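Asker: Right, I'll just put the structure down here and ask away after.
The values are calculated or read from the model by the stated rules, or taken from the named source; none is laboratory data. Computed from a predicted structure; not experimentally measured. Here the Cβ positions follow ideal geometry from the backbone for every residue, glycine too, while neighbour counts run over all protein chains shown. Just the protein is used for accessible areas: all its heavy atoms, side chains included, with ligands, DNA and RNA removed. Shrake-Rupley method; radii C 1.70, N 1.55, O 1.52, S 1.80 Å.
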Amino acid sequence: MPPSDDRVARDADRLVDEWREACRIPSVSGDRQAVERMAAWVEERVRRHFDRVVVERTPDGVPTVLGELTGSGPGRVVVYTHYDVQPAGVLAAWESDPFGADLRDGAVFARGTCDDKADITARLQALDYWLDGNGGSGRPTILWVCEGAEEVGSPGLREVLARHAGWLSASNCLWESFVRRDDGRPEVAFGCRGLVSVELHVRLLEHDQHAAFSPVLRSAAWTLTRALTSLVDDDGDVSIAGFADAVRKPGAAAAEAARALVSPGASLGPGGASGWPPGRSLEELGLRLSYTPTINVSALGAGDPSSETTVVPAAATARIDLHLVPDQDPNDVVRALRAHLDDHGFEEVEMRVGTMLWPAPGVLGTPLADAVLTAAAAVYGEPVVYPQLPGAGPARVMLDVLGATTVSPAGTARLGSGLHAPNEHGRVEDYLDHVRFSLRLLEELSRPAA
């Protein structure tokens with residue numbers, strides 16, 4: 001660790017206490033009172049250092065905290081975070097209050113600890129240290145964007161940024177953090193996937209009927225099952241005509257980085273068995289994780305599985321998510337899905353389109369990318385590079401409106417941190433490393449070469 005990082009260990013209790021303070025605010029997306037409270041907390045914290053702070057509301061009235069900290073050098077970097085969190089879910093599944101921020105076993109437990117409160121506090125705390133040291137002669141301008149509706153698809157973010165694009169524009173954006181591996185190695189990802197969330201619904205009877213009549217009644221469950229099966233081939237690849245026509249082939253360096261990945265899943269099957277699909281090499285799996293568009297079934301239901309009553313369900317519903325890569329257009333994908341269902345005899349399957357997010361291409365070799373990899377190696381160890389972030393998010397808005405490509409560094413979260421699950425948590429030592437990394441990154445960005 002560089003000498004400046006000794007301060008992180010010395011101030012550990014204070015740093016963690018502020019992280020826990022933020023986690024205690026139950027800023028669940030859509031909870032207007034809690035969202036307002038969290039936005040005010042972020043605003044007060046940002047005003048301590050930033051030259052310009054604006055709280056701009058989306059068309060739905062959700063506050064977005066924007067800020068500009070003018071630097072002494074020519075560089076400009078957008079720092080993106082979000083202060084909203086997922087609902088706690090089933091309270092009985094939690095071992096403590098989801099918003100109590102309990103500290104036990106060397107970790108903080110709360111909804112949003114890692115997604116995304118740790119990013120907010122760790123980055124602001126790193127800014128405190130950085131500015132205490134004057135930030136270097138080449139200190140870049142930091143542009144702060146903290147929104148309150150990321151967990152529901154960031155509605156209105158594009159409009160908010162467009163109103164302030166004149167002073168928020170930059171070519172680089174530090175995105176919300178990715179994860180560390182179990183061995184502590186950092187994972188750094190670029191760009192992000194796109195997403196289309198669709199509910200498929202079919203109703204073929206007015207009411208559920210006794211299963212004795214199944215020989216002469218139409219089955220919504222079987223109809224929906226056949227419709228879902230038609231969407232992919234035996235290898236799990238999407239079989240919708242035109243679905244992948246716009247997919248951009250990755251460059252040589254990006255493809256090489258993808259093939260080098262060891263994808264999650266080696267022991268995620270029952271009893272620790274492999275969760276990978278059979279017959280694919282590690283290189284194939286790495287490429288698929290980064291650059292293969294897919295359809296996932298997130299939920300599927302018909303009838304009441306908790307009941308032993310035998311019925312012909314009147315209706316069946318599935319929720320699918322289509323994970324897109326550059327340069328697929330969600331609107332084209334929705335039209336192709338509807339055409340596929342109609343062409344295969346499933347006109348009665350209704351589509352209810354939800355979240356739509358455009359993919360953002362990952363770009364390696366930018367000043368921010370190089371600085372992130374250098375800082376990650378210094379603090380965490382040799383980085384694992386994802387040339388295209390497997391997850392989806394509103395990163396494309398940054399590119400379209402502000403001109404910024406995105407980099408997602410490792411932060412506090414690990415694969416076992418329980419993001420979006422009960423007992424979400426972050427380890428204290430990982431959080432302190434998160435602060436150290438954020439400080440080292442700012443120092444790297446202040447070097448003349450950056």
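Asker: Those residues that are surrounded by 18 or more Cβ atoms within 10 Å (Cβ to Cβ) and farther than 30 Å from ALA212 by Cβ, I need them from the stretch 295-320; list them, please.
Answerer: Hits for the stretch 295-320 are ILE295, ILE320.
Asker: A follow-up question, please. What number of residues in the stretch 357-375 are open to solvent by less than 40 Å² (accessible area, probe 1.4 Å), over 19 Å from GLU256 (Cβ atoms) and over 19 Å from the mean Cα position of the chain (by Cα)?
Answerer: Residues meeting the conditions: 3.
Asker: Would you call HIS420 open to solvent by less than 10 Å² (accessible area, probe 1.4 Å) and not hydroxyl-bearing (Ser, Thr, Tyr)?
Answerer: Working: open to solvent by less than 10 Å² (accessible area, probe 1.4 Å): no; not hydroxyl-bearing (Ser, Thr, Tyr): yes.
Spelling it out, it is not the case that HIS420 is open to solvent by less than 10 Å² (accessible area, probe 1.4 Å) and not hydroxyl-bearing (Ser, Thr, Tyr).
Asker: Which of the residues belonging to the stretch 56-72 are surrounded by 15 or more Cβ atoms within 10 Å (Cβ to Cβ), at pLDDT 95 or above and not acidic (Asp, Glu)?
Answerer: Of everything in the stretch 56-72, those that are surrounded by 15 or more Cβ atoms within 10 Å (Cβ to Cβ), at pLDDT 95 or above and not acidic (Asp, Glu) turn out to be THR58, VAL62, PRO63, THR64, VAL65, LEU66, GLY67, LEU69.
Asker: Let me ask something else. In the stretch 189-210, what residues are of a type in the set (A, V, I, L, M) and either exposed (fewer than 15 other Cβ atoms within 10 Å of the Cβ) or touching a helix residue (DSSP H, G or I) at 6+ places or on another chain (Cβ under 6 Å) (or both)?
Answerer: Correct list: VAL196, VAL202, LEU204.
Asker: Looking at the stretch 386-401, which of its residues are surrounded by fewer than 22 Cβ atoms within 10 Å (Cβ to Cβ) and either of a type in the set (A, V, I, L, M, F, W, C) or in contact with a helix residue (DSSP H, G or I) (Cβ under 6 Å, 6 or more places away or on another chain) (or both)?
Answerer: PRO390, LEU399, VAL401
Asker: Which condition number in (1) open to solvent by 30 Å² or more (accessible area, probe 1.4 Å); (2) aliphatic (A, V, I, L, M); (3) touching a residue at least 12 places away in the same chain (Cβ under 8 Å) is the one that ALA22 fails?
Answerer: It is condition (1) that ALA22 fails.
Asker: Additional query: Considering every residue within the stretch 285-292, establish whether at least one is in a loop (DSSP other than H, G, I, E, B) and free of Cβ contacts under 8 Å to residues at least 60 places away in the same chain.
Answerer: yes
Asker: On to the next question. Looking at ALA246, ALA220, ALA318, ALA241, which one is touching a Gly at 6+ places or on another chain (Cβ under 8 Å) and at pLDDT 95 or above? First the steps, then the outcome.
Answerer: Numbers: ALA246 fails: touching a Gly at 6+ places or on another chain (Cβ under 8 Å); ALA220 fails: touching a Gly at 6+ places or on another chain (Cβ under 8 Å); ALA241 fails: touching a Gly at 6+ places or on another chain (Cβ under 8 Å).
The match here is ALA318.
Asker: Just for the stretch 211-238: of the residues that are free of Cβ contacts under 8 Å to residues at least 24 places away in the same chain and assigned to a loop (DSSP other than H, G, I, E, B), which one is least open to solvent (accessible area, probe 1.4 Å)?
Answerer: Selected residue: ASP233.
Asker: Restricting the search to the stretch 147-188, which residues are closer than 19 Å to GLY71 by Cβ, under 17 Å from the mean Cα position of the chain (by Cα) and open to solvent by less than 10 Å² (accessible area, probe 1.4 Å)?
Answerer: CYS173
Asker: Here are the criteria: (1) in contact with a helix residue (DSSP H, G or I) (Cβ under 9 Å, 6 or more places away or on another chain); (2) not in a loop (DSSP other than H, G, I, E, B). Tell me which single one ALA299 does not satisfy.
Answerer: Among (1) in contact with a helix residue (DSSP H, G or I) (Cβ under 9 Å, 6 or more places away or on another chain); (2) not in a loop (DSSP other than H, G, I, E, B), the lone unmet condition for ALA299 is (1).
Asker: Are there any pairs with C-beta distances below 9 angstrom linking a residue in the stretch 425-438 that is farther than 17 Å from ARG104 by Cβ to a residue that is part of a strand (DSSP E or B) and of a type in the set (Gly, Ala, Ser), with the two at least 6 apart or on different chains, and if so which?
Answerer: Listed by first residue and then by second, the contacts come to HIS434/GLY426.
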